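**Q** Submitted below is the structure of interest, expressed as C-alpha cells.
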Amino acid sequence: MITATEKMLGLQVEVPIACFRQSRAREYAETYPVPPPSTVYGMLLSIVGEQDRYRHCGTRLAIALLSQPQKSTVIRTFRRFKKKDIHDPSNARPDYQELLTDIHFIVLVTSGVDSSQPTLPERLQMAFAHPASINRFGGLCLGESRDLVNSITLLSENSQSELLQWLIRDENGLLTLPYWVDHVGSEGTRWQRYMILEPSGHSQPPELAWTEIKST
C-alpha cells in the first residue's frame, strides 16, 4: 500500500528491440518475456545520471506490459574471455540469442523506504521538468548498450487507462526474475518469483505488483 508521504511517478516506455537475457542462459541466450525489476531500476538511474546503484535502495517499482512483444532468434558473436589476449579468436564464437521487439510497458515508481534526498521519483520528476540540469552520459538503454530506449513519457494523473498486464509477485509463479544483480559474481543476486496477470483496464497496480529494490 502507498503511504500518504510517498510520491508516485509513472512512466511509459517504448523499446524497439531488446534482450533481457536469462541469468542462467549459456550458449543459447534466452530472454525473459518482461524486463526484470533490476533492469528497469538501472534504466531509471541512468535517466537521472546516478552511477551509485545503492543510492536509491528502498525504492519500489510496479511494472505492467502494454503489449505482447514479439520474440525472434538471431545468431550473433558473443565474447567469452578464455585467453588472456583479448584478440585471441577463441574468445569469440557465434551463438543464438532471443530478441524481443515492440516492447511497450509502464513503470510506476514510489520512494518506498528510500532515505535519500531527493528521492528517485523526485529526481525523475526534475529530470523531465528541467532536462538541462541532468549530468549523464551515453544513450538511454534498457539492458544491453545496444538496446536503446526509443521514447519515455511521463504519465499524467488523468492518463487514459489501457489494457495492462501487471507483473506480480507469486511464490508459485513461473517467472524467476532478479530485482538486484551482483555484477561481480552471482552470490549477491536477489531473486523473486512472479507471474503476469491477464490484461485488464485497471490502472492501479495490485499490492503484489510492487517490488522493493534492495541489495540484501
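None of the figures in this text is laboratory data; all of them are computed from the coordinates on show. Everything quoted here is computed from the prediction, not taken from an experiment. Here Cβ is always computed from backbone atoms with ideal geometry, including for glycine, and neighbour counts include all displayed protein chains.
**Q** I need to check one value: relative contact order of region 177-216, counting alpha carbon pairs closer than 8 Å and at least 6 residues apart, in percent.
**A** The normalised contact order for region 177-216 reaches 46 percent.
**Q** Continuing with the same structure: Under a point-charge model restricted to the Cβ atoms of Lys and Arg (+1) and Asp and Glu (-1), what is the dipole moment magnitude of the chain relative to its Cα centre, in debye to the nearest 20?
**A** Roughly 800 debye for the chain.
**Q** Another question about this same structure. Angle, helix 37-48 long axis vs. longest principal axis of the chain, Cα atoms, 0 to 90°, nearest 10?
**A** 70 degrees
**Q** Angle between the Cα long axis of helix 120-129 and the longest principal axis of the chain, 0 to 90 degrees, nearest 10?
**A** That works out to roughly 90 degrees.
**Q** In Å, what Rg and Dmax follow from the Cα atoms of the chain?
**A** Computed over the Cα atoms of the chain, radius of gyration and Dmax are 17.8, 58 Å.
**Q** In percent, what relative contact order does the chain have, based on Cα pairs under 8 Å that are 6 or more apart in sequence?
**A** On the way: 452 pairs, mean separation 66.0, N = 216.
Over the chain, the number comes to 31 percent.
**Q** Which one, LEU65, PRO33, THR110, projects farthest toward the positive side of the charge dipole computed for the chain from Cβ point charges (K/R +1, D/E -1)?
**A** Of LEU65, PRO33, THR110, it is PRO33.
**Q** How large is the Kirkwood hydrodynamic radius of region 105-207, counting all unique pairs of alpha carbons, in Å?
**A** It works out to 16.8 Å.
**Q** Please give the net charge around VAL48, taking every other residue with its beta carbon less than 14 angstrom from that of VAL48, where Lys and Arg add +1 and Asp and Glu add -1.
**A** Around VAL48, the charge tally is 0.
**Q** I would also like to ask the following. Could you rank the peptides 35-48, 124-137, 102-115 by their average count of other C-beta atoms within 10 Å per residue, with the highest value first?
**A** 35-48, 102-115, 124-137
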